[in-house]
Every structure is written in structure tokens, then in C-alpha cells.
1. Residue check: is Arg138 closer than 14 Å to Arg27 by Cα, touching a Ser or Thr at 6+ places or on another chain (Cβ under 9 Å), assigned to a helix (DSSP H, G or I) and open to solvent by 10 Å² or more (accessible area, probe 1.4 Å)?
2. Can you find a residue in the stretch 49-63 that is of a type in the set (Val, Ile, Thr) and over 15 Å from the mean Cα position of the chain (by Cα)?
3. Under 9 Å by Cβ, and 6 or more places apart or on different chains, what pairs join a residue from the stretch 100-122 that is more than 17 Å from Arg27 (Cβ to Cβ) and free of Cβ contacts under 8 Å to residues at least 40 places away in the same chain with one that is hydrophobic (A, V, I, L, M, F, W, C) and open to solvent by 50 Å² or more (accessible area, probe 1.4 Å)?
4. Can you tell me which of (1) more than 15 Å from Gly63 (Cβ to Cβ); (2) in a helix (DSSP H, G or I); (3) touching a residue at least 12 places away in the same chain (Cβ under 8 Å) is the one Val153 doesn't meet?
5. Name the single residue that is most open to solvent (accessible area, probe 1.4 Å) among those in the stretch 181-200 being at pLDDT 80 or above and of a type in the set (Lys, Arg).
6. Please specify each residue of the stretch 65-105 satisfying the condition of being hydrophobic (A, V, I, L, M, F, W, C) and under 12 Å from Pro120 (Cα atoms).
7. Among the helices (runs of 4 or more DSSP H) confined wholly to the stretch 14-132, which include 3 or more residues that are surrounded by fewer than 19 Cβ atoms within 10 Å (Cβ to Cβ)?
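The values are calculated or read from the model by the stated rules, or taken from the named source; none is laboratory data. Keep in mind it's a predicted model, so treat the numbers as computed, not measured. Glycine gets a Cβ as well: all are built from the backbone with ideal geometry, and neighbour counts include every protein chain shown. The area values use the complete protein model at the heavy-atom level, side chains included, leaving out ligands, DNA and RNA. Shrake-Rupley method; radii C 1.70, N 1.55, O 1.52, S 1.80 Å.
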Amino acid sequence: MFGTAFGRWIYEDPTPYNSYGNGAAMRVSPIGYVSPGGQNWDIYLEAKKSAECSHSHPEGIRGAQFIAIAVNELLYLPQEIAPGAVLESCSYSYKNFDSTHGTNLPKKGEFDMTCQGCVPLAVYLFLHSQSFEEAIRRAVFYGGDSDTLAAIVGSLAGAYFDIPDDMVNKARSYLPKEITDVIDKFDGKFVKGNYLINPTYANFHENEERAGREGLYKKKER
């Protein structure tokens, strides 16, 4: 379930090791779901906590914070302005980011495991995609550290585009029950169908009538 290096770290010496690797950005996306849009400071703090237990280098933390904010923007902002907000944030966080031509990004096939290389590339691939599947295909065929890259691209694309049911079902078929149970528990608290659950009211999520009355669900403007 885990890579060899991670298994060695978690069992032998689970302390921060000043990493700026892209794993910090790969694992952070759930934090973008649990805070309604506009509460960016909370997201920054939680993303920092998520990263610094291992990826304590400032670039590792920055990568995690950016992806968490971007996921939140893609979830909660209106569809027509969300990609622009992510582009603006990326241009601010990564000064040399070129969303049009992709200059200053890792070259196709180049194995770049850093946040500062992989995160802007993930944004570029997302912004040039028209569907979730296209975004994932772009990431996989780009090459290099394509599994982690595709995971980060998928975090962005999954927050913005509908994910085809057949892709969801196929992906779940590879996972052990202990992992699908975690996914179902998370989805039951923060996501339901085509609705986002306002975390303020998440403890009411089993009471449908009260949920509708008190604004539990925020319809995704998709």
C-alpha cells in the first residue's frame, strides 16, 4: 500500500526531514473540501500541518498550501471565475509561471519530484484540459513523475469537473476495504452527490430535513 521509502520513514524515524518533494502537494487536497470558500487562513494553517510532519522545507509547505487553496477555489467559486483565480494564485506563488506556453516548467519526460517543479506543471495541465479524464491523460502522457503529477492534477480536475462514474468504480475496485471505508466516511461528511456539505453544519448531515432548512448543502455551480 505504501512505498518502500515511506514505510521505512514511518516505522523507523517519523520526523520531519526538510523535504520539498511533491508528496506534500499530492496528499493535501481533502483540506480544500472542509472549509467554505473565503476562509483561506484556516486552509493555509491546516495545509502547513499536513506538510510539515515530513515535508518541512518552505517549498514543500508552499506547494501543499497552494494546492489546498486551489482545490477550495475550484470547489466553491463560480465555475466561470474559478480557473482564473487558480491561475492568479499560481502566478503569485510561482513567479515564472507561464500558463500559455508552459515555459519554465519541467520538460516532457523529465523526472521532477519537487513541489516547485510539479505544482505549476499540474496547474498548467489542468488549465489546458476540458474534462477530468483529459486532465489525467495529459498528466500520465507528460511522463516523468507521472503518478504523483496525475494525483495532483486529479485533485484540481476532480474539484472542478464531474468525474465519470465508470472511472470512480474502476479506481475503487483496486482499493482495499479499509481505504474505501475512509473515502465513504469522508464523502458522507463533506460531499454528497452533486452537493458540497457546508462544514458548519456537517454534524447534521444525517438529518435531511434539517439539512435542507439550515443550508447544509451548497449546490456546485457546474
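1. No; evaluated as a whole, the condition is false for this residue.
2. no
3. Hits for this filter: Lys108/Phe141.
4. (1) is the only condition that Val153 fails.
5. Lys185
6. Phe66, Ile67, Ala70, Val86, Leu87, Cys90, Phe97, Leu105 - these are the residues of the stretch 65-105 that are hydrophobic (A, V, I, L, M, F, W, C) and under 12 Å from Pro120 (Cα atoms).
7. 40-52, 82-93
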